[in-house]
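Undergrad: Mind looking over this structure? Questions follow.
The values are calculated or read from the model by the stated rules, or taken from the named source; none is laboratory data. Being a predicted model, the structure only gives us computed values, none of them experimental. Neighbour counts run over all protein chains shown; Cβ positions are idealised from the backbone, glycine included.
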Amino acid sequence: MGPKVRTRGDVDEVPQRQLGFDLTLEGPPAAGDRELVPAAPAALVLPEPGSSSARAVEEAPPPAPRVLAVSELVRAARLTLENYFGEVRVEGEVSGFKRSGPGHLYFCLKDREAQLDCVMYSREASRLKFRVEDGMAVRLRGRLTIYEGRGRFQMTVIAIEPTGAGALAVAFEQLKQKLQAEGLFAQERKRRLPFLPRRIGVVTSPQGAVIRDIIRIAHRRFPVPILLAPAPVQGPGAALAILGALRRLQRVADVDVIILARGGGSMEDLWAFNDEPLARAIVASPIPVISAVGHESDFTIADFVADVRAPTPSGAAEIAVPVMADLRVALAQLGQRAARGTTAHLRQRRLLVERARARLGDPRRLVDERRQRVDDLAARAHRAASRRLGRLRGELAAIEVALSRAHPHRRIAAQRAALGELNQRLQAAARRAIARRREPFTAIQHKLDALSPRRVLDRGYSLTFKSDGHLLTDASAVGPGEAVRVALQSGEIRATVVEVTGAPKGRAP
C-alpha cells in the first residue's frame, strides 16, 4: 500500500520520493470523492486457514474492474492533487510568457530538468508592481491543479516575487530603463532654475516637518513667498494626489519653481515618487521642478526626471533661493569694481586725449585751415554746379522744342480733322446706299398700296366678314340671323343677316 495523503498541509512535509501515491485518502473525503474513492474499512480481519470462510474466500471469483470515464479520472486526479498539496512555493525561470486580452498571465516555470505550466489570473496580476519577462528568476506562490478541459497539470499562481531583488526594486529598474531609453533623463532637456523666483511652489504633506524646514531655510535666506499644494506623500493614492498638486501649481501664474519634497524612508515609503504618470508630468511641466525626496542616498524616478535633484528638502530650499546678505555683498563688490573700472577707463581716455592733442597742435590753426579749404571747395562746387546747370538748361530747351512739335494737342487736332472728313464721307456713302436700297422697297410699296383692300374701301366699297373672322365672298355662306362685321374706310358695322338673295338653288333663303 502506498503512502497516505494529507488533505491539508504544506508540500514541504512530504518528501519528493513519495509522489507516487495511491488514491487512498486519510480523513473525510472532499466533495465529489465519495463515488470515485470509497472509504477504507476501519479494520480488516483475515479468516483462519482451512475454515469455511477461508474456503469461500478462496473459491469466490475476483470482482470485475471498474471502468471510469475520462472526466471522472481527470477529476479524481485533480481532487487528489489539490487535497494532497496545499499552497506551495516554487522557484524557477520564466519562459514563454504571454498576456491574454482579459489580462491573464500564462507562462512556464522551468529549471534545468523540468518545466511547469503556470497561470495567473487578472485579479492577482493587476496587483503586480513589476513586469514579468522571459528569463526572469522568480519565486511563485500558488496551488497545483489539473485543467480538466485539456488534462494539463499546471499551477495557479497567487503571487510572484523576483528572486535576488525585491519586486519594488525590479519595477524601479524597469521603469528607470524605459524612461532613460526615451531620453527623459537627458541633461540637455532639463531647464535652468530662475535666479530669484517670484514665488516657490511646494508639493508635500502639510503635517510633516519638511514644509517647516523649507519655509524656515528659504525665509532665512531670502523672503520669497511660498505656496503649498498639500498632498499625501505615501500610501495608496499618494502618486495621484501628488500629480494633482503638481498640476495645480502649474496653473499659478507667478510660481517660478516647484519643489517636490518628502522626508526619508524605505523604498515602499518613497514609492509614490516612482510613478510613471508623475514622472511624465514632471518632464512636461512648464515650470522647473526640484526633486527633494528622502535623504542623499535615496533615489527615485522623480529625481532622475526633475530639472534639479536636491539631497534633502532643506537642500532644495537652499538651491531655489539665494542668500540676501550674499547678494548685497556681491552687489557692493560689483559697485566697487564698476567704480574702479570707470575711474581707470576715464583716466585712460583722458591720457589718450592728451596724446592726441599733443600730436594735433593748436586746434584753432586746424580750424582755420579747414575753413579755408571749405571755402575753396564751395567755390569749386559753385562753378561746377553753374556749368552743369547751364548744360542742363540747354538740353531742357531742346527737349521742350521737341515736345512742342510733338505736342498731343496738335496731334489731336490733326486726328480730329481727319476724323471729321471720314465721318462726312461715311455719312454720304450711307445716304447713297440707303437711297439705292430704298428704291425697290418704294416700288413694292406702291404695288401693295394698289392691291390693298383698303384702297377699295377708299373708293366707297366695304368688306364683310363672318363672325369667325373669314371674309365673306358668297352670299350662300351665311343665312338669316347670322351676325356679320362690315369694314368701311372709316370704322366697322356689326349687323345681322335678315335675308339672303341670289343664293344658289337648294339653300333656303
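Undergrad: Go over the candidates ALA433, ALA475, ALA429 one by one and state the one that is closer than 30 Å to ILE493 by Cα and surrounded by 10 or more Cβ atoms within 10 Å (Cβ to Cβ).
TA: Values: ALA433 fails: closer than 30 Å to ILE493 by Cα; ALA429 fails: closer than 30 Å to ILE493 by Cα.
When all the criteria are applied, what remains is ALA475.
Undergrad: Can I ask one more? Determine whether PRO453 is out of contact with any Asp or Glu (no Cβ under 8 Å at 6 or more places or on another chain), exposed (fewer than 10 other Cβ atoms within 10 Å of the Cβ) and not aromatic (Phe, Trp, Tyr). Working first, answer last.
TA: Details: out of contact with any Asp or Glu (no Cβ under 8 Å at 6 or more places or on another chain): yes; exposed (fewer than 10 other Cβ atoms within 10 Å of the Cβ): no; not aromatic (Phe, Trp, Tyr): yes.
Answer is no for this residue.
Undergrad: Which members of region 73-127 meet the condition of being within 14 Å of MET155 (Cα to Cα), assigned to a strand (DSSP E or B) and among the acidic types (Asp, Glu)?
TA: GLU87, GLU91, ASP117
A quick yes/no check of all residues on (1) basic (Lys, Arg); (2) touching a residue at least 40 places away in the same chain (Cβ under 8 Å); (3) in contact with a strand residue (DSSP E or B) (Cβ under 9 Å, 6 or more places away or on another chain):
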site: ALA77; (1), (2), (3): no, yes, yes
site: TYR84; (1), (2), (3): no, yes, yes
site: VAL90; (1), (2), (3): no, yes, yes
site: PHE97; (1), (2), (3): no, no, yes
site: GLY101; (1), (2), (3): no, no, no
site: LEU105; (1), (2), (3): no, yes, yes
site: LEU109; (1), (2), (3): no, yes, yes
site: VAL119; (1), (2), (3): no, no, yes
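Undergrad: Evaluate the following for ALA330: is it over 30 Å from PRO223 (Cα atoms), surrounded by 10 or more Cβ atoms within 10 Å (Cβ to Cβ) and either assigned by TED's automatic domain parsing to the domain that holds ILE217 or out of contact with any strand residue (DSSP E or B) (no Cβ under 9 Å at 6 or more places or on another chain) (or both)?
TA: Details: over 30 Å from PRO223 (Cα atoms): no; surrounded by 10 or more Cβ atoms within 10 Å (Cβ to Cβ): yes; either assigned by TED's automatic domain parsing to the domain that holds ILE217 or out of contact with any strand residue (DSSP E or B) (no Cβ under 9 Å at 6 or more places or on another chain) (or both): yes.
Spelling it out, it is not the case that ALA330 is over 30 Å from PRO223 (Cα atoms), surrounded by 10 or more Cβ atoms within 10 Å (Cβ to Cβ) and either assigned by TED's automatic domain parsing to the domain that holds ILE217 or out of contact with any strand residue (DSSP E or B) (no Cβ under 9 Å at 6 or more places or on another chain) (or both).
Undergrad: Residues of region 244-271 being within 12 Å of ILE301 (Cβ to Cβ) and modelled with pLDDT of 85 or more, which ones?
TA: Taking region 244-271 first, the residues within 12 Å of ILE301 (Cβ to Cβ) are 260, 267, 270-271.
The one that is within 12 Å of ILE301 (Cβ to Cβ) and modelled with pLDDT of 85 or more: LEU260.
Undergrad: Also: So how many residues does region 433-485 have that are of a type in the set (Phe, Trp, Tyr) and at pLDDT 80 or above?
TA: Going residue by residue through region 433-485, those that are of a type in the set (Phe, Trp, Tyr) are 441, 461, 465.
Among the residues that remain, those that are also at pLDDT 80 or above are: 441, 465.
Of the residues in region 433-485, 2 are of a type in the set (Phe, Trp, Tyr) and at pLDDT 80 or above.
Undergrad: What do you reckon, is ARG340 of a type in the set (Lys, Arg), within 17 Å of PHE172 (Cα to Cα) and modelled with pLDDT of 85 or more?
TA: On the way: of a type in the set (Lys, Arg): yes; within 17 Å of PHE172 (Cα to Cα): no; modelled with pLDDT of 85 or more: yes.
So ARG340 does not fit the description; no.
Undergrad: Hey, can you tell me all the residues within region 257-282 that are part of a helix (DSSP H, G or I) and buried (at least 20 other Cβ atoms within 10 Å of the Cβ)? Spell out the reasoning first.
TA: Residues of region 257-282 that are part of a helix (DSSP H, G or I), as a first pass: 271-274, 276-282.
Listed by number, the residues that qualify are TRP271, ALA272, PHE273, ASN274, LEU278, ALA279, ILE282.
Undergrad: From the set of residues in region 137-191 that are part of a strand (DSSP E or B) and among the β-branched types (Val, Ile, Thr), which is nearest to ALA69 (Cα to Cα)? Spell out the reasoning first.
TA: Our first condition is that a residue be part of a strand (DSSP E or B); within region 137-191, this holds for 137-147, 152-162.
Pick out the ones that are also among the β-branched types (Val, Ile, Thr) and you get 138, 145-146, 156-158, 160.
Numbers: VAL138: 38, THR145: 19, ILE146: 16, THR156: 25, VAL157: 29, ILE158: 31, ILE160: 36 Å.
Restricting to residues being part of a strand (DSSP E or B) and among the β-branched types (Val, Ile, Thr), the top hit is ILE146.
Undergrad: Counting only residues that are outside any helix (DSSP H, G or I) and out of contact with any Lys or Arg (no Cβ under 9 Å at 6 or more places or on another chain), which one in region 235-252 is surrounded by the most Cβ atoms within 10 Å (Cβ to Cβ)?
TA: As a first pass, look at region 235-252 and keep what is outside any helix (DSSP H, G or I): 235-237, 251-252.
Applying the additional criterion that residues be out of contact with any Lys or Arg (no Cβ under 9 Å at 6 or more places or on another chain) yields 235-237, 251.
Values: GLY235: 12, PRO236: 8, GLY237: 10, ARG251: 7.
Looking at the filtered set, the residue picked out is GLY235.
Undergrad: Right, here's the next one. With the condition kept exactly as written, say whether any residue in region 196-203 is in contact (Cβ under 8 Å) with a residue 12 or more places away in the chain, out of contact with any Asp or Glu (no Cβ under 9 Å at 6 or more places or on another chain), assigned to a loop (DSSP other than H, G, I, E, B) and surrounded by 18 or more Cβ atoms within 10 Å (Cβ to Cβ).
TA: no
Undergrad: Mind counting the residues in region 253-276 that are closer than 12 Å to VAL202 by Cβ and among the hydrophobic types (A, V, I, L, M, F, W, C)?
TA: Step one: list which residues in region 253-276 are closer than 12 Å to VAL202 by Cβ, which gives 255, 257-262.
Narrowing further to those that are among the hydrophobic types (A, V, I, L, M, F, W, C): 255, 257-261.
Result for region 253-276: 6.
Undergrad: VAL132 - would you say it is among the β-branched types (Val, Ile, Thr), under 35 Å from the mean Cα position of the chain (by Cα) and outside the structural domain of PRO236 (by TED's automatic domain parsing)?
TA: Values: among the β-branched types (Val, Ile, Thr): yes; under 35 Å from the mean Cα position of the chain (by Cα): yes; outside the structural domain of PRO236 (by TED's automatic domain parsing): yes.
Yes, satisfied.
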